[in-house]
Amino acid sequence: MRPWMLAAAVAFGCSAPLAAQTVTHVETVSGPIPVDDQTQAQEVRFKEDGHQRMTVPVRLAGSGPFRFLVDTGADRTAVSRELAGQLRLQAGPGGQLHSVTGVSPVETVTVKQLQLTARTISRIDAPVLEGEHLGAQGILGTDSLRAQRVMFDFKNRLLSITPSQPRKQKDEAGTIVVQASRRAGRLILTDAFADTQRLTAVLDTGSEVSIGNSALKKALLRKRQLERNGKIELLSVTGEKLVGDYTVLRELEIGGVTLKNLAIVFADAHTFRQMQLDERPALLLGMNALQAFDKVSIDFANKKMRVLLPQGSSVDRTQLASLVP
């Protein structure tokens, strides 16, 4: 059986600590939008939804488009059981899915062709998951994004996906470029600090909230830089729940940019063990952190993250509010 890694796609479950809180949500696409095969760029206007995650329309074997969650924390593209039945997709080999809660056996189906903008991907053995847990008709993982550049334009509430360009591109004024490395298909940032504690950050657009591991929690507790604010539940793509400790980081610095008062959940997520990051301080950088910027560009081929700072921010050390619940 093949090990499938869908580490992210995490949403808040029902829990007392959040009951009296206000959460800022991102909009997702509301319905079918034609795929743009002229400019090789797909722009999607966000729509109000219950989670801070985003979807993009894709076509499967000429059908669609269908709403797929853009998840930089998942290394495999997956489809909902409802969509697999609707399109009568052929059953594929079984596999094992790694989520934040652990390892689960899953069925797979063969997607003969997936069209993302002008790029066509042939033959994908996609895990089958329940649509109610995905919150979309499928997940677009890094196997489908490795030659792409994903741009989240939070200011104009747009999402676009374009092919990566090897040549040097001209950035907008106020843009900071952060060099990344790649592990298991994901982009990770090592030039990151939480309240002066060095850590490894994994870019995870499938997670509504940023998640820290036990090693980071212990390091911050030793320095007396952490306050406990209560328990919270996270819901994985398999429908299983993970309980964590909700708190707020005073500062998270990434490549010279500082985010202030970042909401974070410390949880024993299986993702850290699967990526061999459980023994050192690490963080899954979720959508609540990324939305502090006007724009975030994630370039998988060139292993770079670009962030556009809000107007009036200092370029060398920006202080940003990070959508704290």
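The values are calculated or read from the model by the stated rules, or taken from the named source; none is laboratory data. Worth saying up front: this structure is predicted, and the values here are computed from it rather than measured. A quick note on method: Cβ atoms are made from the backbone with ideal geometry, for glycine too, and the neighbour counts reach across all protein chains shown. Only protein heavy atoms, including side chains, enter the accessible area calculation; ligands, DNA and RNA are left aside. Shrake-Rupley method; radii C 1.70, N 1.55, O 1.52, S 1.80 Å.
Overview of results
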{"quantity": "Residues within region 225-274 that are of a type in the set (Gly, Ala, Ser) and part of a strand (DSSP E or B), tallied", "calculated": "2"}
{"quantity": "Within region 96-177, strands (runs of 3 or more DSSP E) holding 1 or more residues that are hydroxyl-bearing (Ser, Thr, Tyr) and over 26 Å from Leu189 (Cβ atoms)", "calculated": "102-106, 108-116, 119-129"}
{"quantity": "Single residue of region 217-226 satisfying the filter (surrounded by 19 or more Cβ atoms within 10 Å (Cβ to Cβ) and more than 11 Å from Ala267 (Cβ to Cβ)) that is modelled with the lowest pLDDT", "calculated": "Leu226"}
{"quantity": "Pairs, first under 15 Å from Ala74 (Cα atoms) in region 197-213, second open to solvent by 10 Å² or more (accessible area, probe 1.4 Å) and assigned to a loop (DSSP other than H, G, I, E, B), C-beta under 6 Å, six or more apart", "calculated": "Glu208/His51"}
{"quantity": "The listed residue being out of contact with any Phe, Trp or Tyr (no Cβ under 8 Å at 6 or more places or on another chain), of a type in the set (S, T, N, Q) and closer than 30 Å to Gly102 by Cβ, out of Ser207, Ser214", "calculated": "Ser207"}
{"quantity": "Cβ-Cβ under 9 Å pairs, at least 6 apart or on other chains, region 176-196 side closer than 23 Å to Gln225 by Cβ, far side surrounded by fewer than 15 Cβ atoms within 10 Å (Cβ to Cβ) and hydroxyl-bearing (Ser, Thr, Tyr)", "calculated": "Ile188/Ser181; Leu189/Ser181; Thr190/Ser181"}
{"quantity": "Restricting region 60-113 to residues that are under 22 Å from the mean Cα position of the chain (by Cα) and open to solvent by 60 Å² or more (accessible area, probe 1.4 Å), the residue that is modelled with the highest pLDDT", "calculated": "Arg81"}
{"quantity": "Region 227-240: number of residues that are crowded, with 24+ Cβ neighbours inside 10 Å and more than 19 Å from Arg273 (Cβ to Cβ)", "calculated": "1"}
{"quantity": "Counted residues, region 179-210 - those being assigned to a strand (DSSP E or B), closer than 13 Å to Leu252 by Cβ and open to solvent by less than 60 Å² (accessible area, probe 1.4 Å)", "calculated": "9"}
